[in-house]
1. Where in segment 177-280 are there strands (runs of 3 or more DSSP E), lying wholly inside it, with at least 3 residues that are more than 19 Å from the chain's Cα centre (by Cα) and touching a residue at least 40 places away in the same chain (Cβ under 8 Å)?
2. For segment 62-162, give me every one of the strands (runs of 3 or more DSSP E) that falls completely inside it and has 3 or more residues that are closer than 30 Å to residue 214 by Cα.
3. Show the residue pairs meeting these rules: Cβ distance below 8 Å; 6+ apart or different chains; first residue within segment 40-69 and touching a residue at least 40 places away in the same chain (Cβ under 8 Å) and under 26 Å from residue 89 (Cα atoms); second residue β-branched (Val, Ile, Thr) and not in a strand (DSSP E or B).
4. Within segment 63-113, take every residue that is aliphatic (A, V, I, L, M) and touching a helix residue (DSSP H, G or I) at 6+ places or on another chain (Cβ under 6 Å) and give me the one that is farthest from residue 269 (Cα to Cα).
5. Picking from 238, 243, 224, which residue would you name as being modelled with pLDDT under 95 and surrounded by 14 or more Cβ atoms within 10 Å (Cβ to Cβ)?
6. Does residue 43 count as over 30 Å from residue 229 (Cβ atoms), aromatic (Phe, Trp, Tyr), surrounded by 19 or more Cβ atoms within 10 Å (Cβ to Cβ) and in contact with a Leu (Cβ under 6 Å, 6 or more places away or on another chain)?
7. Quick check on segment 163-176: of everything there that is in a strand (DSSP E or B) and of a type in the set (Gly, Ala, Ser), which residue is surrounded by the most Cβ atoms within 10 Å (Cβ to Cβ)?
Amino acid sequence: MRWVICALVVLVLPPSASADEFNMLSGSQSVGPANIMDWRGFYVGGQVSYSDAGADFSNTTQASIAYALRETTLENEFAPSNWPVLGSANHGAAGFGGLVGYNTQFEKLVLGVEANYDQASLSLVAPNTPITRLTPADSQGDSYLINITGSGSVTDLDFGTLRARAGWALGNFLPYGFAGFALGHANINIAATVQGEQNPPSGGGTCSSSNTPPCTPFAFTTTAGKDSEWLYGFTAGAGLDIALTHNIFLRAEYEYVQFAPVASVIVDINTVRAGAGVKF
């Protein structure tokens, strides 16, 4: 039977029939590669976000107290500057912002750069735990009753980032990762108040001229930070762009930002976003 079918094919096809035409009888043929979304070009967009900021204030009073007591036996032998009176704080808030960027594309690999801004107005207030201690006698025979309290805050924190992006085009979906530079702006204010007595009365009470050795009260306040402080750090994260048309896309994203210490305050921010953009 096989040779009969081959003979019939030869009879049906004209002498000029090509091998490709003959292959049509062997079944379905392979097709070309699937269309790849073109992500190239400039784009702009807007976004809404939720950010959770954290700040560690535990070391913020150290430097200023150590400087005020730098020439005293009290600091050299008991280091009250290291007593942590402030703790860590967190604050979450909704925000909004915008983005602008540019993509280039190599088949499915998409590379780009993007500037992103978030108006979040985050504020962090440090918990305060005053510390009171009575030291033993130092090498000169003096003892101290010391009370340290403080305050710390980071307010009106906004931030933006400049990132390099890399993504992989999967049809209308573009999963991507990014890393880059972060810039923030905030009011940072730290204060510490130290009060005490050198050689306090052994039975309690206040200093008087009859105390032996002489009882000497002391008190001072130190400050650090300032309003309108600039913060510098890094950013990293990942997201997903979804093309609705060749020019309009939606976005979901997570971003982590950490700033370098300012007045010994370390601030980091975790942010999730949803947005939309237009590609030109």
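1. Those strands (runs of 3 or more DSSP E) span 216-243, 266-279.
2. 131-134
3. 61/85
4. Filtering first and then ranking leaves 69.
5. That would be 224, the only listed residue that is modelled with pLDDT under 95 and surrounded by 14 or more Cβ atoms within 10 Å (Cβ to Cβ).
6. Criteria not met by residue 43.
7. Result: 167.
The values are calculated or read from the model by the stated rules, or taken from the named source; none is laboratory data. Owing to the predicted nature of the structure, the values given are computational and were not obtained by experimental measurement. In this analysis, Cβ positions are derived from the backbone assuming ideal geometry, glycine residues included, and neighbour counts consider all displayed protein chains.
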